[in-house]
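Report on the following structure.
FYI, it's all coordinate maths here, none of it is from the lab. Remember, predicted model here, so these are calculated numbers, not experimental data. All Cβ positions, glycine included, derive from the backbone under ideal geometry; neighbour counts span all protein chains shown.
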Amino acid sequence: MLDVDARTFNVKDVLVQMKDISGSMVDLAYSAVLYSNPEIAKEVYKLEERMHSLLYKMRIAIMLGARNMDDAVEFAGILQIASAAEKIASAAGDIAKIAESVDITQYLDRSDFEEAVINVRIKPASELTNKTLEGLKLETETGMSVLAIKRGSKWMYLPPGSERLKEGDLIIISGPTEGIPAFCKLATGEEYRVREKREGEEGAEGKAKEEKPRKRITEEIADFMADMKNLSELTVGLAYSAVMFESKEIAAEVKDLEDTMDRMKDELEILVMKAARGVTSKTNFEELRGILHVAISSETISDAAYEIADVVLRDIKLHPVFLASVRESDEVILKMEVRNSAIFGNTLRDLKIETRTGMFVLAIRRADGKWVYNPGGDAVLKGGDLLIMRGPREGEDKVREIFLGSERGQE
């Protein structure tokens with residue numbers, strides 16, 4: 001039976017929810033795998049069901065909202081983007097399933113992930129205790145965002161800004177690796193230390209000492225897994241940017257990255273087959289199967305991103321409601337020219353863009369028209385550079401202050 005509210009469902013509202021939920025689901029899904037946590041996986045499934053429901057209501061709302069052929073054409077593009085967002089959510093659900101069946105953490109190296117996902121417990125000396133997430137402005141102070149809070153035995157996923165952190169809370173955060181030390185110090189009152197392997201502890205590295213070729217393959221698998229996660233998230237950000245700014249150049253890059261992900265998946269399959277040689281343990285086979293499962297799902301995310309960018313490549317005109325939905329989502333997409341001469345010659349690492357603003361730089365278009373996609377920390381900023389960024393709307397003012405400088409008020 002049709003839900004009563006489906007008949008009056010607002011297209012813009014559902015687009016906002018679908019974009020925000022699908023993005024959070026990817027972070028939560030990888031978190032479930034990184035920590036082999038079935039509890040988080042179950043929440044991802046709930047969000048996946050919610051996404052299915054939202055897409056269903058979106059179709060109804062669009063059919064009811066199209067008044068003529070022009071409306072139908074514009075809404076068709078929106079429906080394609082919404083369907084792609086739902087595919088991203090389904091792929092996230094598939095990634096999360098691995099956390100319920102097998103532990104593949106020994107094949108993962110968190111330090112290789114451009115956006116870290118870690119667990120932190122609020123200690124007595126924490127500066128975060130009894131303060132709301134909204135008041136703390138964590139994303140613009142450290143670059144990190146709170147995905148979930150575990151209080152006692154209860155989990156709260158995608159907590160609202162009004163939620164107050166309490167001593168003893170276990171929180172899952174995501175963001176740039178550079179933001180981890182600052183956030184952890186706020187949460188614990190202690191200097192952050194990279195965890196070292198305990199004497200006698202065995203993981204992928206300990207087992208690999210027995211066989212150097214296997215160790216090499218295991219390390220290569222870890223590198224591929226990290227690269228595929230990073231690229232899948234990059235393609236989604238670029239895809240929305242391509243649509244937002246009607247850029248065929250960015251859309252074409254999404255297509256190229258999608259092709260790259262296809263090749264990486266094929267190469268990873270070969271590595272997994274090599275790793276399976278001589279393996280007789282069912283557990284090891286299940287681990288390798290889990291790796292392939294995550295890789296396939298990561299590649300599916302990039303496929304969905306290409307479906308979003310395809311709207312631009314096909315010159316499909318979008319209804320204005322799409323741009324309105326992107327502007328109202330939790331994560332905004334910005335295009336900004338570097339005009340502040342005081343930062344010319346500085347690198348992204350020097351400016352600490354991610355930790356100061358929460359914004360992730362997706363691409364830089366140089367003054368000569370050349371694009372640099374997924375720029376590293378050593379990327380040098382020059383006058384006339386145009387940056388494409390995604391991140392919390394609270395970081396927009398800080399970004400403008402950094403890149404526009406004294407010209408900010410002239411806009």
Env charge @ residue 167, Cβ radius under 15 Å, K,R +1 / D,E -1, value +3
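Between residue 72 and residue 101, what is 0.36 nm times their sequence separation minus the Cα-Cα distance? Round to one decimal in nm. Before the final figure, lay out the partial values.
Details: separation 29, 0.36 × 29 = 10.44 nm, distance 4.37 nm.
That works out to 6.1 nm of additional length.
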Note, residue 113: beta-carbon cut-off 10 Å, +1 each Lys/Arg, -1 each Asp/Glu, net -4
In whole percent, the Cα-Cα distances of segment 332-410 spread across 5 Å bins from 0 upward as 3, 17, 30, 30, 16, 3, 0
GNM of the chain, Cα pairs under 10 angstrom: of 185, 131, 317, the biggest fluctuation goes to 131
Per GNM of the chain with C-alpha springs under 10 angstrom, the most fluctuating residue out of 238, 351, 55 is 351
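GluC sites (Glu not before Pro), restricted to segment 126-164: which are DSSP loop and have at most 14 other Cβ atoms within 10 Å? Don't jump to the answer; show the numbers that get you there.
On the way: sites: 127, 134, 139, 141, 163; in loops: 127, 163.
Loop-located and lightly packed - 127.
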Computed about the Cα centre, the charge dipole of the chain from +1 Lys/Arg and -1 Asp/Glu charges at the Cβ has a magnitude in debye, to the nearest 20, of 580 debye
Listed by chain and number, the lysines with an alpha carbon less than 25 angstrom from that of residue 185, same-chain partners under 8 positions apart left out, are 123, 131, 137, 150, 154, 166, 197, 352, 398
Taking the alpha-carbon centre of each part, the distance from segment 329-378 to segment 220-245 in Å is 17 Å
GNM of the chain, Cα pairs under 10 angstrom: of 289, 193, 349, the biggest fluctuation goes to 193
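Suppose R0 equals 30 Å. What FRET efficiency, 1/(1 + (r/R0)^6) with r the Cβ-Cβ distance, do residue 397 and residue 39 give to the nearest 0.05?
According to the calculation, E is roughly 0.25.
Below 8 Å between Cα atoms, with a sequence gap of 6+, how large is the relative contact order for the chain in percent?
Numbers: 711 pairs, mean separation 75.5, N = 411.
About 18 percent, as a whole number.
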Distance in nm between residue 281 and residue 370 label points, each 7 Å along Cα→Cβ, equals 4.8 nm
Note: segment 111-188 at 4 °C, 1.567 mPa s; Kirkwood Rh on alpha carbon pairs; Stokes-Einstein D in µm²/s works out to 105 µm²/s
